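Report on the structure given below.
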Amino acid sequence: MINIDIENDSCIKCGRCVKVCPTVIFGQETAKSEVDIHHIETCISCGHCVSVCPTGSVIHSDFPPQKVHKIDADLLASPEQVMALIKSRRSYRAFSKQAIPIEVLEQILEAAHSAPTAENLQQVQFTLVTDPEVLHKVSAATISIFSSIVTKVYNPLIKPLVKLVNPEGYKQVSHLRDLVDDFTNAKKDRILRGSTALILIHTPKDVRFGRQDANLAYQNGSLMAESLGVGQFYTGFICAASDMVKKSPVAKLLNIEGTIHAGMALGMPTFEYPNYVNKKDIVITRF
Ligand SMILES: Cc1cc2nc3c(=O)[nH]c(=O)nc-3n(C[C@H](O)[C@H](O)[C@H](O)COP(=O)(O)O)c2cc1C
């Protein structure tokens with residue numbers, strides 16, 4: 001049960017809490033009049049009222065003093081630094097065997113967890129895998145899904161039909177066959193590519209905007225990884241494989257209840273990139 005109060009002695013009645021609250025819990029009859037509080041039950045605990053108050057006068061049961069932090073402007077990155085970080089981030093695929101220190105992984109997780117979520121639901125969960133055996137099992141489980149699709153599509157009775165009706169889909173399946181062959185025959189893992197850690201980002205089933213929430217978390221985490229000198233790439237194959245079946249064997253293997261939306265394979269890079277390149281020309285439609 002949430003409790004919210006205003007400390008009237010210190011409140012300067014600036015009305016900022018009234019302006020920022022997304023569920024209109026705070027009200028003021030006139031500018032500079034006392035702030036009143038209505039229907040607390042609609043509070044989504046976003047903490048805007050507490051963050052914006054210049055005098056610490058909003059008392060919120062979800063945000064006791066130890067959960068409220070002064071923003072240190074000196075620590076904030078400049079626009080040039082933010083842009084440089086964004087442009088130098090790459091998907092790394094050449095990792096050393098050196099383990100990523102756990103404190104570093106925790107910083108990446110903290111950055112990911114700090115991303116916004118729809119309605120501030122904060123239902124995004126993380127599964128961290130660093131055990132090499134389990135990492136291998138995740139790749140193998142992903143490959144097993146692709147393998148069963150390849151077997152179905154390459155059935156001599158079905159193959160000509162798929163080729164005719166869905167040539168693009170057939171091409172995709174031939175890529176999957178290459179992945180399966182590499183994994184099974186060449187012992188080459190193109191799912192996790194020698195990464196030493198995996199972060200899977202998931203939500204309970206049927207969380208509205210779960211996919212969006214997870215991908216925002218991913219991007220926060222990936223930029224944090226870049227700033228820490230840790231290489232990462234998006235594990236699209238694991239996510240795609242999980243989407244192809246009712247109960248994902250990766251989810252089963254890792255006791256993940258719900259839906260895997262995003263995944264980050266991580267490792268210490270064996271070398272740095274001295275350059276960045278431009279993306280294709282930006283497309284902006286203006287009105
Ligand atoms: C949704 C998504 C899925 C991806 N899946 C994979 C993947 O399974 N394996 C991989 O090596 N890279 C994967 N990538 C990385 C892309 O190939 C990469 O982002 C793209 O080539 C651009 O390179 P950059 O990230 O270095 O800028 C994925 C990226 C996204 C956004």
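From the helices alone, meaning DSSP H stretches of at least four residues, give me the mean residue ellipticity at 222 nm for the chain, per-run term -39500 (n - 2.57), in deg cm²/dmol to the nearest 500.
Only helices count here, giving -11500 deg cm²/dmol.
Which pairs, out of Lys188/Lys252; Lys137/Lys247; Lys171/Lys247; Lys246/Lys279, put more than 27 Å between their alpha-carbon atoms?
Distance filter (> 27 Å) returns Lys246/Lys279.
On a straight-distance basis, which lysines could pair with Lys67 in a cross-link, Cα separation under 30 angstrom, same-chain partners fewer than 8 positions away excluded?
Lys13, Lys19, Lys32, Lys205
Is the shape of segment 129-287 best called rounded, prolate or oblate, per the rule: a/c under 1.5 gives rounded, else a/b larger than b/c gives prolate, else oblate, with a ≥ b ≥ c the square roots of the Cα gyration tensor eigenvalues?
rounded
At what distance in angstrom do the alpha carbon centres of segment 54-79 and segment 136-209 lie from each other?
46 Å
With the cut-off at 1.5 for a/c, could you classify segment 182-264 from its C-alpha gyration tensor as rounded, prolate or oblate?
oblate
How much net charge surrounds Asp182 when only other residues with a Cβ under 10 Å from its Cβ are counted (Lys, Arg +1; Asp, Glu -1)?
After counting each charged neighbour, the total is +1.
What shape does segment 113-185 take by its C-alpha gyration tensor, where a ≥ b ≥ c are the square roots of the eigenvalues and a/c under 1.5 counts as rounded, a/b above b/c as prolate, and the rest as oblate?
Oblate shape, in that a/c is at least 1.5 and b/c is the bigger or equal ratio.
Restricting to DSSP loop positions (anything but H, G, I, E, B) with no more than 14 other Cβ atoms inside 10 Å of their own Cβ, which trypsin sites (Lys or Arg not before Pro) remain in segment 139-231?
When the trypsin sites (Lys or Arg not before Pro) of segment 139-231 are filtered for loop state and at most 14 Cβ neighbours within 10 Å, Lys187, Lys188, Lys205, Arg208 remain.
How long are the semi-axes of the equivalent ellipsoid of segment 1-146, defined as square roots of 5 times the Cα gyration tensor eigenvalues? Whole Å, largest first.
43, 20, 14
Within the chain, which is the longest segment containing none of the GluC sites (Glu not before Pro) that sit in a DSSP loop and have at most 11 other Cβ atoms within 10 Å?
30-256
Pulled fully out, how much extra length does the chain show between Asp62 and Lys152, if you take 0.36 nm times their separation in residues and subtract their Cα-Cα distance?
Separation in residues times 0.36 nm, less the Cα-Cα distance, equals 27.2 nm.
Between Gln81 and Glu257, with labels modelled 7 Å along Cα→Cβ, what's the label distance in nm to one decimal, could you check?
4.1 nm
Where q = 0.08, 0.14, 0.15, 0.17 Å⁻¹, what log10 of I(q)/I(0) comes from the Debye formula for the chain, counting one point per Cα?
Once normalised to I(0) and log-transformed, intensities are -0.50, -1.12, -1.20, -1.35.
Rule-based calculations on the coordinates, nothing more; no lab input. Predicted, not measured: the structure shown is a model, and the values here were computed from it. All Cβ positions, even for glycine, are placed from backbone atoms using ideal geometry, and neighbour counts span all protein chains on display.
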